[in-house]
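Right, one structure below, let's go through it.
The values are calculated or read from the model by the stated rules, or taken from the named source; none is laboratory data. All of these numbers come straight from a predicted model, not from anything done at the bench. Cβ placement follows ideal geometry from the backbone for every residue including glycine, while neighbour counts extend to all protein chains displayed. Keep in mind that these areas ignore ligands, DNA and RNA; they rest on the heavy atoms of the full protein, side chains included. Shrake-Rupley method; radii C 1.70, N 1.55, O 1.52, S 1.80 Å.
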Amino acid sequence: MWRSVVARAALSRQAAARSFCATQNPKVLSSSKTLTQADFDSHLTEAGQSSVGFGENGDTQLEIFSDGVEIPGVLDRDAQLDSSASGDDVFGDSEQSVHAQWDSFATEGENSDDQIETVASGDGEGEVFEIDMEQLESLLSLLQSSVDGSLESSLDVMGLTLHEEFVVKVLETPVVLGENLIRFFKWGMKEKPEFKVTTRVVYALAHAVCSNLKRKDAYALWDLIKEIGEKENGLLNVEILNELIALLSKLGKGKAALEVFNKFGDFGCVPNVDTYYFTIEALCRRSIFDWAWSVCEKMLGAGSLPENEKVGKIISWFCKGRDAKDAHSVYLLAKEKNQYPPRSSVNFLISSLCRKDETVKLALEILDDFSGEARKYAIKPFSTVIHGLCRMRDVDGAKQLLSKMIAEGPPPGNAVFNLVINGYSKAGDLGEAIEIKKLMESRGLKPDVYTYTVILSGYANGGQMEEACEVFLEAKKNHSKLSPVTYHTLIRGYCKLEEFDKALKLLGEMNDFGVQPNVDEYNKLIQSLCLKALDWETAEKLLEEMKEKGLYLNGITRGLVRAVKEMEEEELVLG
């Protein structure tokens, strides 16, 4: 044991001497040979200094006389003389102290050229191991190359001693093939009795392999970790397993990630927020939303949530999976914990909830969480909720929300007013529709063509063509060009009442207002003329007009015109 300590001390002192000499004369280190006493004395002579000889114990006792230059840990000459005069033993009993001072000095610049690195053991016993750097480089060179089945045989002849520090240094070296690291690790477990599988070593392996993003390595690592976990209870920790789940998530292996998640209890590990997040992410990437929700339920039961950004991603994943109600549960827990997901995720949640009538009210509740600047610019989610309320025929609820927007923001625009007006028009409550239109105008907004169209559509559907015409006249007064839908709505209303002359008049008027009739207008009018008025002559004129405009009617309607014509001719023959 003493010889080992002395040998290590000698190596450290030699490295220290070489480091000091290099600062005075770089030529000293031009060669990789061992620094001799003669080399050292020669250098000191050049520097205007001298040294005492090597003592019987081989220790170099150095005296420095240059002005203001000291080597840390070495007594200067006056101090030595004073100590001798006072009876203190400078180089006797304090041999270990001098060695320690030289070792301390050596560590400031050692290992630049040395082939041995000294490290302390991580087991808490204070044991010191020496890493043979040349051996380490040879091993890394082997592991960094693509090898065949001869890897294990190559390792057998290298004479490696696998202490924890040595193995960790290998595992933490970048650009090493993950497959080779796993094979090296398994070889060490089988062939090297001194190799202790510790939590630190397993984590280093997991971290290294998971950096490579290779599916084959991921499955091989999982098999190895399962083997270790089954043999050594309590050795694995949550960080090791999270590394593996995150890798499987990136590779899109949701089922494998869930398998790792389900083994936490067997390995004595408790999932943390990252565990839940990475597992949910892996399953959602494969669109396995039912399993992802089962994991999410456990996360909610544990009352733990990741950071806001990740909470927002979880909400968005479930919304994409058409599970908006589940996503809403995640949102409620975040709200309870005063966490606020990104606004984009919340908006996505609101729009998803509004897809179904039974969850629109949940979206309406979320709007109360908007305040300040966020509410000021939240026109899209508010509009989405109003649209959902109108679709489920809760137009009064939409009107209440509209009033709330006017009072508290965000300020509603034409689109929001039109949604409510359209809702009342479809419900046949034209009085309320007109009131909302007036409210719209009182806020400085000009009703657009769509506003007039939905109102006159409500009148036309109820057979109130006079009121519809009044709205139509107001629309023409305020807008120089109307849409085909506006005319189509009125034509349909007149045809329903069999007032074909007025319908034909509107058809001719469309050109005057820059609106080209489309096939729908002609088709509706021709069918009405044939079925209700039996006026195939007018229908044929409309067919010719369509040809001139490059419009073509479907065969069914054409056949209808021919059938009515033939039927009338037969009646004339029989009559």
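List of remarks:
- Under 15 Å, Cα to Cα: Lys pairs in segment 198-298, sequence gap 8 or more or different chains: 8
- Ordering of 495-503, 159-167 by burial proxy (mean other Cβ atoms within 10 Å per residue, highest first): 159-167, 495-503
- Net charge of Cβ neighbours under 15 Å - reference LYS446; Lys, Arg +1; Asp, Glu -1: +3
- Accessible solvent surface per residue of segment 296-418, calculated while the other protein chains remain in place, 1.4 angstrom probe, Å²: 48 Å²
- Cβ-based charge dipole, segment 162-293, positive-most Cα from LEU224, THR199, CYS269: LEU224
- Fraction of C-alpha pairs exceeding 16 angstrom in segment 383-499: 58 percent, rounded to a whole number.
- Net charge contributed by nearby residues that have their C-beta within less than 10 Å of THR161 (K/R +1, D/E -1): -2
- For segment 503-563, the carbon plus sulfur part of the accessible surface works out to 51%, probe radius 1.4 Å.
- With eigenvalues of the C-alpha gyration tensor scaled by 5 and rooted, segment 320-472, Å: 33, 17, 10
- Taking a ≥ b ≥ c as the square roots of the eigenvalues of the Cα gyration tensor, segment 228-273 is classed as prolate, since a/c reaches at least 1.5 and a/b is larger than b/c.
- Neighbours of ALA208 by Cβ distance under 11 Å: Lys/Arg scored +1, Asp/Glu scored -1, total -3.
- The mean sequence separation of alpha-carbon pairs under 8 Å and at least six residues apart, normalised by the residue count of segment 428-552, gives a relative contact order of 18 percent.
- Each principal axis of the Cα atoms in segment 143-242 has its own extent, and those three values, largest first, are 35, 30, 21 angstrom.
- Normalised per residue, the accessible area of segment 457-575 is 58 Å², obtained with a 1.4 Å probe and no contribution from ligands, DNA or RNA.
- Hull volume per residue, based on the alpha-carbon atoms of segment 532-574 and their convex hull, is 69 Å³.
- Restricting attention to segment 400-502, lysine pairs at least eight places apart or on different chains and with alpha-carbon atoms under 18 angstrom apart total 14.
- Principal axis dimensions, largest first and in whole angstrom, of segment 205-352 by Cα: 48, 27, 23
- Under-5 Å amide H pairs with ASP132, H placed in peptide plane, nonlocal only: GLU117
- Segment 453-552 - Rg over Rh from alpha carbon coordinates, Kirkwood radius: 0.96
- C-alpha center-to-center spacing [segment 348-383, segment 437-510] in angstrom: 33 Å
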